[in-house]
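Everything below concerns the one structure shown next.
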C-alpha cells in the first residue's frame, strides 16, 4: 500500500487521461503496450509515463511493457471508479440540467440522487427520473440521505451559502461550476469547473498567437 | 510592448482569476489595492502577484499599491476582452444548449453566430434567437462567415471530423467539450473542458483524503 501514498497532484491530474486511453486500448483488445507506444498515443514522454505509473506499483516489465488490463484496473482503483458515489445537483439551470442529463456520469458510478432549485418553475420538473425539489428542503434531505458529492450549479452569489449547507451535512466532495472560490474545511475536496475562465484563457492564447504572427 | 511578450502559460492560466477579483473590486468602488490585500482575497502570495503583474507593465507603486482600474483595463487587454469574437457551437445537445444559453459569454464579447447539429429533431430549434442548422451546412457557412472560435460539443467519435472542417475554414480557436485530444495545426489554439476528467480528479482526491484519515 505504501506505493500508493504521496501521489502528487500533477500525477492525479494526469490519471483521468491515462484512464481514457487505457479504456480505448481495452476496447480495441490490446493486451499490452510499451511506454513508448503509450507515449505516442497520449502525448506524454515515455519517461514521464514510466515515472507516473511507477508511483502506484510495478506494472511495467522490461521488454514486455504494461499489461493493459491490470494497469486499467489499478488506475480505476486509484481514481475511485470501483465505488459508487451518491450525488446531488443544486441549481437546475442550463449547466445543472446538462450535468443531470449527462448519462456517462451514471455509467462511471456517479449516481444522481436529488436535484434542487429555488425557481418555482423548475421545481417538480423531472430530469432523468429525478424530480427537482425546492432548495429549502436540502438541509433536511441531507440529514436523511448519505451523499458523497454536491454539484453546485447556482449563481455566484448563492454558491457559498449552498456550499456551507452541503458541507455541514458531511458531504466531502464539491464539484463547483459557480465562478467563485468556495471557502471549505480542510477535509472537503473542491474541484472547480470555471467555464468563463476557460474561455478567457482561450481568447488570451489566441491574442498571443496573433501578436506573434504580426511581429 | 516588449513587456507583454513571453507571458508564461502559468501566468495566462491565472489571469482570468485576477480579472474576476479585480472586476469585483471595481464594482465595490475600490480604487487601489496592495499586493498584500489582493493576496488575502485571491489566495496567491503577494510576491507571486507582484511577479505576475510585473510581466505586463509597471502598475504597482511602492507604498501605493495597484490602481485597480488601470490594472483591470490592462488585464482585459491581455485577455482579449476588448474585442468581439464570433463563435459557433457544433452539437446542440445538453452541453451545447447550456453554453448557448449562458448569456454571460455574450456579455464578455463572445457572440454566438450559429449552432449546428446532426439530429433532425434539433434542427430548426431556436436557442437565444439562433436557429440550429443542419451540420451538413457548416462548411458552406464557414466559407461565407468569419468565425473566430468553434465550440465543439459533439460526441467523441465526431469531434475530430468537426474540428478538421472548422480549422480548414481558418477558425483559429477551438473550445472543446468532447472527451478527446484533437489534432490541430500549430497556429490553432485548443482549450479543453473535459468534464469527466474533472469529476474523476474529484473522486480520486476524495479517495486520497479518505485513505489519509483511515491510516
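Values for this structure:
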| read-out | value |
| --- | --- |
| Test for residue A:35: is it touching a strand residue (DSSP E or B) at 6+ places or on another chain (Cβ under 8 Å), away from chain B (no Cβ under 14 Å) and either at pLDDT below 90 or loosely packed, with under 15 Cβ neighbours inside 10 Å (or both) | yes |
| Residue within segment A:169-177 that is under 18 Å from residue A:100 (Cα atoms), more than 9 Å from chain B (Cβ to nearest Cβ) and under 24 Å from the mean Cα position of the chain (by Cα) present | yes |
| Residue match in segment A:106-119 (condition: on the phi > 0 side of the Ramachandran plot, out of contact with any helix residue (DSSP H, G or I) (no Cβ under 7 Å at 6 or more places or on another chain) and at pLDDT below 95) | yes |
| Matching residues, segment B:4-28, being modelled with pLDDT under 90, out of contact with any helix residue (DSSP H, G or I) (no Cβ under 8 Å at 6 or more places or on another chain) and either surrounded by 15 or more Cβ atoms within 10 Å (Cβ to Cβ) or more than 10 Å from chain A (Cβ to nearest Cβ) (or both) | B:8, B:10 |
| Residue under evaluation residue A:201, criteria (1) over 15 Å from the mean Cα position of the chain (by Cα); (2) within 14 Å of another protein chain (Cβ to nearest Cβ); (3) in contact (Cβ under 8 Å) with a residue 40 or more places away in the chain, criterion not met | (3) |
| Only one of A:174, A:166, A:184, A:189 that is free of Cβ contacts under 8 Å to residues at least 24 places away in the same chain, in contact with a strand residue (DSSP E or B) (Cβ under 7 Å, 6 or more places away or on another chain), surrounded by 20 or more Cβ atoms within 10 Å (Cβ to Cβ) and under 21 Å from residue B:207 (Cα atoms) | A:189 |
| Criterion: out of contact with any strand residue (DSSP E or B) (no Cβ under 9 Å at 6 or more places or on another chain) and either at positive phi or in a helix (DSSP H, G or I) (or both) - qualifying residue of B:51, B:97 | B:51 |
| Per-region count, segment B:75-96, residues under 26 Å from residue B:122 (Cα atoms) and more than 7 Å from chain A (Cβ to nearest Cβ) | 9 |
| So residue A:89, is it in the same structural domain as residue A:148 (by TED's automatic domain parsing) and in contact with a strand residue (DSSP E or B) (Cβ under 6 Å, 6 or more places away or on another chain) | yes |
| Those residues of segment A:142-154 which are surrounded by fewer than 16 Cβ atoms within 10 Å (Cβ to Cβ) and touching a residue at least 24 places away in the same chain (Cβ under 8 Å), in sequence order | A:143, A:145, A:146 |
| Only one of A:135, A:130 that is in contact with a strand residue (DSSP E or B) (Cβ under 6 Å, 6 or more places away or on another chain) and either in contact (Cβ under 8 Å) with a residue 40 or more places away in the chain or buried (at least 19 other Cβ atoms within 10 Å of the Cβ) (or both) | A:135 |
| Check on residue B:160, more than 7 Å from every other protein chain (Cβ to nearest Cβ) and either closer than 30 Å to residue A:7 by Cα or touching a strand residue (DSSP E or B) at 6+ places or on another chain (Cβ under 9 Å) (or both) | no |
| Qualifying residue in segment A:197-207 (condition: farther than 18 Å from residue B:12 by Cβ and surrounded by fewer than 18 Cβ atoms within 10 Å (Cβ to Cβ)) | no |
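Matching residues to (1) out of contact with any helix residue (DSSP H, G or I) (no Cβ under 8 Å at 6 or more places or on another chain); (2) within 14 Å of chain A (Cβ to nearest Cβ); (3) over 19 Å from residue B:97 (Cα atoms):
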{"site": "B:122", "(1), (2), (3)": "yes, yes, no"}
{"site": "B:127", "(1), (2), (3)": "no, yes, no"}
{"site": "B:145", "(1), (2), (3)": "yes, no, yes"}
{"site": "B:207", "(1), (2), (3)": "no, yes, yes"}
{"site": "B:213", "(1), (2), (3)": "yes, yes, yes"}
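The values are calculated or read from the model by the stated rules, or taken from the named source; none is laboratory data. Quick caveat, the model's predicted, so the values are computed rather than measured. Cβ atoms come from the backbone with ideal geometry, glycine included; neighbour counts cover every protein chain shown.
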